[in-house]
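So the structure is just underneath, and the comments pick up after that.
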Amino acid sequence: MSRETLIDLLYLFSATTFILALKGLGSPKHARRGNMVAAFGMLVAVVATFFKYVDGHGSYQGHSLHHVWLIVLAMFIGLIIAVPTARFVKMTAMPQLVAIFNGVGGGAASLVSLTEFIHVKSTHPATYVILEVLLGVLIGTVSFAGSAVAFAKLQELMTGRPVTYPGQQVINALVGLGAMALIITILVTASTSLLWILLALSFVLGVIFVLPIGGADVPVLISLLNAFTGLAVAASGFTLGSNLLIVAGVLVGASGILLTRLMSKAMGRSLSNVLFSAFGSVVTASGATTRDDGRSVRSGTPEDIGILLGFSSRVVIIPGYGLAVAQGQHVLRELAELLEAKGIEVFYAIHPVAGRMPGHMNVLLAEANVPYEQLLEMDEANSELATADVALVVGANDTVNPAATDDPSSPIYGMPIIHADLAENVVFLKRSMRPGFAGIENDLLYNPKTTLVFGDAKDTLTKMVAAVKAN
Amino acid sequence: MGNVLLQYLTVLILTAFVGTEIIAKVPSILHTPLMSGSNAIHGVILVGSMLILGGATTNLQEVLGFLAVILATLNVVGGFVVTDRMLEMFKPRAKPTAPTSDEVTT
C-alpha cells in the first residue's frame with residue numbers, strides 16, 4: 001500500500017469519527033465519549049498530514065511538507081491561546097466563545113482558499129476551481145467578520161440592540177450585489193488583485209450583515225454563521241481535493257442549517273424576518289415608559305411564594321436568560337432540591353430560544369448540577385403544565401407571553417410559547433415591570449392567577465429557599 | 001478532471017443527507033454542545049492549512065499559511081475543549097441514598 005493510500009485511509013477514519021461524534025450527541029450519555037472520539041480522529045488526521053506529499057501532479061509524486069517547524073510553531077501558538085481560554089471562560093460567556101472559535105475557523109478557510117488560488121493560478125485552473133476558491137473566500141470571510149461582530153455584541157463591547165441607519169437594506173443589498181459582480185469578473189479574468197478586493201468586500205459584508213441583528217435573535221445568527229463556516233470549509237475541500245474537508249464541512253453546514261431553521265421556527269418567524277427586519281430596534285420607545293392602563297398586578301413576597309410552593313404537589317420552573325444574568329441557577333437548583341425532598345415534583349420547562357444560543361439554558365442549568373431528566377422540552381413541558389400547581393417564571397418573559405397565541409397584531413404572534421397560564425398559579429420573578437427583549441407587554445402579568453415578586457432573581461430565590469426551609 | 005469533481009459532488013450530496021438524518025436526532029437539550037462540537041469538527045480546516053503552509057513557495061503564501069494554521073488550531077483545540085467541558089456537566093440524576101429511592105419523584 002502506498003503512503004498516499006494509507007494517509008487517505010486515515011482521513012477516512014477521521015471522517016468516520018466525526019459522524020460517530022454527531023451520532024453520540026443523540027443522548028447525553030454517549031455525547032462526551034463521542035466528542036473524544038472525534039478529537040482523536042482529528043489528531044490522527046493532523047499527524048497523517050505531516051507525512052503527506054504536496055504539489056504532486058502527473059507522474060511527479062510531489063515533495064514532503066515544507067516549513068514543518070513553522071507549522072509546529074503556529075500550532076503551538078494556537079494551542080497556548082485556545083486551551084486556557086476554552087477551559088476558564090464562564091458558562092454564561094459560552095455563546096461568544098463559540099462565536100469566536102467559529103469565526104477563526106471561517107477565517108482559516110478563507111485564507112486556505114485564498115492562498116491556494118495564488119498557488120495554482122500559474123497552472124491556469126479550470127473555471128470551477130476558481131469558483132470554489134471564490135466561494136471559500138466569500139463565505140469564510142463573511143463568517144469571520146460576522147462572528148467577530150456577534151462576539152462584540154455578546155461580550156457587550158458594543159450594543160446588543162440592532163444597529164440601524166437610513167438606507168441600510170439598500171446599502172447591504174448593493175454590497176452583496178457588488179460581491180456577486182466581482183465574483184463573475186474574477187471568474188473571467190482570474191485576477192489576483194481583484195481577489196484581494198473581494199476579500200475586503202466580504203469582510204464589510206459580514207459586518208453590515210450582522211449589525212442589524214438584535215441580541216435576542218443571536219441564537220439564529222450563531223447557527224447560521226456556524227453553517228457558513230462549514231460550507232466555507234467544504235469549499236476549501238473542493239479546492240484542495242480533500243474528501244475529509246468536504247465531509248466535515250458539509251456535516252457542519254447541515255447541522256448549522258438545521259439549527260437555524262429550528263431556531264427561527266421556535267421564534268415563529270421566517271429566517272429572512274430574523275436577518276433583515278432589525279427586530280426589537282423600537283424597544284427603547286415603548287419599553288422605557290411602561291404603559292399604565294389602569295390594570296393592576298398582584299405582587300407577593302418571597303415568603304408567600306415559599307409557602308405556596310411548599311403546599312404544591314407539582315411545580316414547573318420556567319427559566320429565562322434573566323436567571324443567568326442574575327447568576328441564580330445554583331440557588332434555583334437548591335430550591336428545587338428542597339421541594340423534591342418534600343415529595344414535590346419539580347420540572348424545568350426550557351424554551352428552545354431561551355438564552356443566547358440554541359439550547360443554551362440547558363447548559364446553564366446542567367452547570368448548576370440540575371439532572372438532565374428534569375429538563376423538559378417545550379411540548380413536554382406544556383402537557384406537564386396543565387396539571388401543575390405552580391408555574392415559576394424566573395427571568396423569562398416573551399417565551400411565556402400569551403399574546404403569541406392570542407393576539408394576531410402582536411409582533412411575536414405565531415411564536416410557540418410555554419403555556420405558563422395553564423398552571424393553577426403563576427409566579428413571576430421580575431426585576432421590574434419592563435417588558436422583555438421584544439418590547440411587548442405581557443398580559444400574563446395581569447392575569448388573576450399571577451403573583452409577581454419584584455427584585456433580583458438570586459436574592460428572591462435565596463429568600464424563598466429560607467421560607468421553604470422554615471416551613 | 002470532470003470525474004474528480006463528480007466524485008466530490010457525490011461525497012457532498014451523500015454527506016448532506018447522512019448529516020441531516022443524524023443531526024435531526026440530536027435532542028434540543030444538547031443543541032449547544034452540538035453547535036460547539038460541530039464547530040470543532042470544521043476545525044479540520046487545520047489539515048488544509050497545514051497543506052497550504054507546507055506547500056508555500058513565496059513569503060506571502062508563508063504568511064497567509066502561518067496565520068491559517070494558527071486560526072485553525074484555535075478552532076480545533078478551543079472547539080473540542082469547550083465541548084468537552086459542556087458535556088461533562090450533563091449528568092443523570094444523582095442518587096445520594098439507596099438506588100431505589102427515586103420513586104419519590106418518578
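Can you spot a residue in the stretch A:17-38 that is surrounded by 13 or more Cβ atoms within 10 Å (Cβ to Cβ), part of a strand (DSSP E or B) and either out of contact with any Pro (no Cβ under 7 Å at 6 or more places or on another chain) or assigned by TED's automatic domain parsing to the domain that holds A:Ser255 (or both)? Looking through the stretch A:17-38, none of the residues is surrounded by 13 or more Cβ atoms within 10 Å (Cβ to Cβ), part of a strand (DSSP E or B) and either out of contact with any Pro (no Cβ under 7 Å at 6 or more places or on another chain) or assigned by TED's automatic domain parsing to the domain that holds A:Ser255 (or both). Comparison of B:Thr20, B:Thr32 shows that the only residue that is within 7 Å of chain A (Cβ to nearest Cβ) and surrounded by fewer than 24 Cβ atoms within 10 Å (Cβ to Cβ) is B:Thr20.
Say whether the condition of being over 26 Å from A:Thr123 (Cβ atoms) and either assigned to a helix (DSSP H, G or I) or modelled with pLDDT of 95 or more (or both) is met by at least one residue in the stretch A:187-197. No: the stretch A:187-197 contains no residue that is over 26 Å from A:Thr123 (Cβ atoms) and either assigned to a helix (DSSP H, G or I) or modelled with pLDDT of 95 or more (or both).
Across the stretch B:5-17, the qualifying residues are those that are under 24 Å from A:Ser110 (Cα atoms) and either hydroxyl-bearing (Ser, Thr, Tyr) or more than 7 Å from chain A (Cβ to nearest Cβ) (or both), and the one among them that is farthest from the chain's Cα centre (by Cα) is B:Leu6. Among the residues making up the stretch A:20-46, those that are hydrophobic (A, V, I, L, M, F, W, C) and either facing another protein chain (nearest Cβ under 7 Å) or without any contact (Cβ under 8 Å) to a residue 12 or more places away in the chain (or both) are A:Ala21, A:Leu22, A:Leu25, A:Ala31, A:Met36, A:Ala38, A:Ala39, A:Met42, A:Leu43, A:Ala45, A:Val46. Filtering the stretch A:47-67 down to residues that are assigned to a loop (DSSP other than H, G, I, E, B) and at the interface with another protein chain (Cβ under 9 Å from one of its Cβ atoms), which residue is surrounded by the fewest Cβ atoms within 10 Å (Cβ to Cβ)? Ranking the qualifying residues of the stretch A:47-67, first place goes to A:Gly62. For the stretch B:35-93, a residue qualifies if it is of a type in the set (S, T, N, Q) and surrounded by fewer than 23 Cβ atoms within 10 Å (Cβ to Cβ), and the qualifying residues are B:Thr57, B:Thr58, B:Asn59, B:Gln61.
Within the stretch A:283-293, can one find any residue that is modelled with pLDDT of 85 or more and surrounded by 15 or more Cβ atoms within 10 Å (Cβ to Cβ)? Checked the stretch A:283-293: no residue is modelled with pLDDT of 85 or more and surrounded by 15 or more Cβ atoms within 10 Å (Cβ to Cβ). Among the residues of this structure, A:Thr451 does not count as one that is buried (at least 16 other Cβ atoms within 10 Å of the Cβ), in a helix (DSSP H, G or I) and of a type outside the set (D, E, K, R). Screening the candidates A:Gly249, A:Gly268, A:Gly256 for the property of being in a loop (DSSP other than H, G, I, E, B) and either modelled with pLDDT of 90 or more or assigned by TED's automatic domain parsing to the domain that holds A:Val137 (or both) yields one hit, A:Gly268. Just to be sure, is A:Thr92 among the hydroxyl-bearing types (Ser, Thr, Tyr) and at pLDDT below 90? Spelling it out, A:Thr92 is indeed among the hydroxyl-bearing types (Ser, Thr, Tyr) and at pLDDT below 90.
From the set of residues in the stretch A:306-365 that are on the phi > 0 side of the Ramachandran plot and small (Gly, Ala, Ser), which is modelled with the lowest pLDDT? Result: A:Gly355. Residue pairs whose Cβ atoms lie under 7 Å apart, sitting 6 or more positions apart in sequence or on different chains, and linking a residue in the stretch A:96-107 that is at the interface with chain B (Cβ under 7 Å from one of its Cβ atoms) and at pLDDT below 95 to a partner that is outside any helix (DSSP H, G or I) and surrounded by fewer than 24 Cβ atoms within 10 Å (Cβ to Cβ), are A:Leu97/A:Val89. Every listed requirement among (1) over 30 Å from A:His360 (Cβ atoms); (2) of a type in the set (A, V, I, L, M); (3) at the interface with chain B (Cβ under 9 Å from one of its Cβ atoms) is met by A:Leu187 save one, (3). Residue count for the stretch A:77-91 satisfying the condition of being part of a helix (DSSP H, G or I) and surrounded by 13 or more Cβ atoms within 10 Å (Cβ to Cβ): 9. When each of A:Ile183, A:Ile171 is tested for being in a helix (DSSP H, G or I) and buried (at least 19 other Cβ atoms within 10 Å of the Cβ), the lone residue that passes is A:Ile183. Filtered by the rule that a residue be within 12 Å of B:Gly54 (Cα to Cα) and more than 7 Å from chain B (Cβ to nearest Cβ), the stretch A:69-79 gives A:Trp69, A:Val72. Of all residues in the stretch A:262-274, those that are crowded, with 21+ Cβ neighbours inside 10 Å have Cβ atoms under 7 Å from Cβ atoms of residues that are among the aliphatic types (A, V, I, L, M) and not in a helix (DSSP H, G or I), 6 or more apart or on another chain, in A:Met263/A:Val353; A:Ala266/A:Val353; A:Met267/A:Val353; A:Met267/A:Met415; A:Val274/A:Met267.
When residues in the stretch B:41-59 are screened for being within 7 Å of chain A (Cβ to nearest Cβ) and either of a type in the set (A, V, I, L, M, F, W, C) or assigned to a loop (DSSP other than H, G, I, E, B) (or both), 11 of them pass.
The values are calculated or read from the model by the stated rules, or taken from the named source; none is laboratory data. Quantities reported herein were computed from a predicted structural model and do not represent experimental measurements. Cβ atoms come from the backbone with ideal geometry, glycine included; neighbour counts cover every protein chain shown.
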